[in-house]
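Values quoted throughout were computed directly from the atomic coordinates according to the rules given, and no laboratory measurement underlies them. Being a predicted model, the structure only gives us computed values, none of them experimental. Quick reminder, even Gly has a Cβ in these numbers, built from the backbone with ideal geometry, and neighbours come from all protein chains shown.
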């Protein structure tokens, strides 16, 4: 059954619509990554990953300083970085397949075991690569700079600059190894949260719903349904409060230990470093947003309460459609044409790239039991293509989510020729692309 889900042919991956008439909704076809969960290619690549990581360590560990002092350091470093990038692509392909398969049904035992097993194998394999960036950061700038003049290595300069930013917070090799291996247990807490959330059921007017249909009711035009959904969410979350508290506190303590050992000055610093943005910039943004609360957010909710004939807006009305505004279900075909038309009016190339996601089954749209909630665009690896996950239910907000995630997807397609080390972007840039796609669509509707 699992293999069939992963093997669904592109032309037959359209599934019947649920109760709301959304039209056929696409499910992604993951065969561009691997044919199935038990395909021999998966085991072959896992074994190859183990072997290539060990071989890379044997070739370069403890030798980077000598390479830097050699006659042709640029050529030698370029060979090492290109080999490292090739391994990174291989690991990323395996990780993407396991992660996407798992996201399609987080409560399926076979998928969960496969995901966990693959991640364990990749963690063990990549531990042999950990030395590389640590040793590169020990090479002095004055020594490395001449090597970066070599055209073959020069294209990786932004990657070198990024890893250099981590240098002040780099620890002794054995501690880095410990943190790397312990990441398996940290991820287990994330998995516990994800699988618990996907398995929860919320009783709304006698009907048991998963989280996505329940959240969708908070946009229902009937106040009684919104209220019932909000109460169901509160009741079920309250029943699981001890577990969620334990997960949150454990992860918070895990992060505090890591931050303290690395010498990060505050709880947000690791995120700023990852986003490649100065803390002062974030603080200025936060201050500006907070200052705007009274004239934007507070004023809007006060107006909305007035439109609903209330002195204070209850929390279940925050996302309610405005009164006397007719609401309707937007089927998949209309959502697709709305986004693609908006993209095309800005750039035919942007629309052409986005169209591939629909035509080639790179989108998984239906709400299903166990499916990861929310939405994302995953770039996978440059040699393949991105995939988009949605939980589409026909609301205007769902159309905007489609436009948002396709903004990510188009960006990821365009970035792929830069290669596995150069294609990834910090969150600050990635969200610019997605919000741009969303705003293009909003301005045309």
Across the range 298-345, what is the total count of residues that are crowded, with 16+ Cβ neighbours inside 10 Å and under 17 Å from residue 439 (Cα atoms)? 8
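This table checks each residue for (1) surrounded by fewer than 19 Cβ atoms within 10 Å (Cβ to Cβ); (2) assigned to a helix (DSSP H, G or I).
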{"position": "94", "(1), (2)": "no, yes"}
{"position": "111", "(1), (2)": "no, yes"}
{"position": "124", "(1), (2)": "yes, yes"}
{"position": "138", "(1), (2)": "yes, no"}
{"position": "149", "(1), (2)": "yes, no"}
{"position": "158", "(1), (2)": "yes, yes"}
{"position": "162", "(1), (2)": "yes, yes"}
{"position": "176", "(1), (2)": "yes, yes"}
Selection from the range 258-270 of residues that are free of Cβ contacts under 8 Å to residues at least 24 places away in the same chain, under 16 Å from residue 170 (Cα atoms) and surrounded by 12 or more Cβ atoms within 10 Å (Cβ to Cβ): 259, 269, 270
Checking residue 401 against (1) closer than 27 Å to residue 277 by Cβ; (2) buried (at least 19 other Cβ atoms within 10 Å of the Cβ); (3) in contact with a strand residue (DSSP E or B) (Cβ under 6 Å, 6 or more places away or on another chain), only one condition comes out false. Which one? (3)
